[in-house]
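Student: So that we are looking at the same thing, I have put the structure below in structure tokens.
Each reported figure results from applying straightforward, stated rules to the coordinates on display, with no laboratory input. Bear in mind that the values here come from a model prediction, so they are computed numbers and not experimental data. FYI the Cβ positions are ideal-geometry reconstructions off the backbone, even for glycines, and counts take in every protein chain you see.
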Amino acid sequence: SVRDNYRAGKKKRGGSGLAQQLSKQLFLDSRKLWVRKMHEAAYAIALTRKLGKEGVILQYANRMDYGVRNGGRVKGIPRAARAYYGKTLDELLESKSYSELAVLVGMLKAVGDYNPGSELPQKLERCRLRRNTVLDIWVREGLISSAEAKNSKTQSVKALPTRVGGDYYLDQAG
């Protein structure tokens, strides 16, 4: 962890790019060896050449761990849309649910810090601020209008309540 590295007198270096993180997930183990870092960089270059930046982002988003919800681990943005908002990713896109989409994208940075399912007000506030940052980036990039972002910022970031007991199993069966 960062704290352990700091206590050991090691300076934590900057985070890996998405392609390097994807390479680590797909091809490498978690050992912290310099040889693995070299392989990670080589795989990242190859992945970026093969998939392009958009492809790397898509692959990463579809493999991202969105935590545990309703008794199961949530992997990938399509499952996160269902787990946190009870909607398919297509439903979020078609209905232009920019607030919810921005929350899910914002979670990619740090799921634990930006979790809309949290009961802690300070975590929900961090989630709201991160969502607003994502919306501002989308406006700057021309993906949504200022009015759409402004409207989205007025919406709650709170996810659906978690299901307990039989509800989860019934949902999975249906």
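Student: I want to check the label-to-label distance for residue 41 and residue 119. Put each point 7 Å from Cα in the C-beta direction and report it in nm to one decimal.
Tutor: The answer from the label model is 4.6 nm.
Student: Would you calculate the separation in nanometres between label points at residue 141 and residue 154, each defined as 7 Å from the Cα along the Cα-to-beta-carbon direction?
Tutor: Modelled inter-label distance: 2.6 nm.
Student: On a full-extension model of 0.36 nm per residue, what is the gain between residue 87 and residue 110, subtracting their alpha-carbon distance, rounded to one decimal in nm?
Tutor: Stretched out fully, the residue 87 to residue 110 stretch lengthens by 6.1 nm.
Student: Highest first, please rank the peptides 97-109, 72-84 by the mean number of other Cβ atoms sitting within 10 Å of their residues.
Tutor: Going by the mean number of other Cβ atoms within 10 Å, highest first, we get 97-109, 72-84.
Student: Sticking with this one: Could you list, in their original order, any pairs among 75/153; 75/96; 109/158; 96/153; 87/158; 53/150 whose Cα atoms are separated by more than 20 Å?
Tutor: Values: 75/153 26 Å; 75/96 22 Å; 109/158 18 Å; 96/153 13 Å; 87/158 14 Å; 53/150 28 Å.
Flagged as over cut-off: 75/153; 75/96; 53/150.
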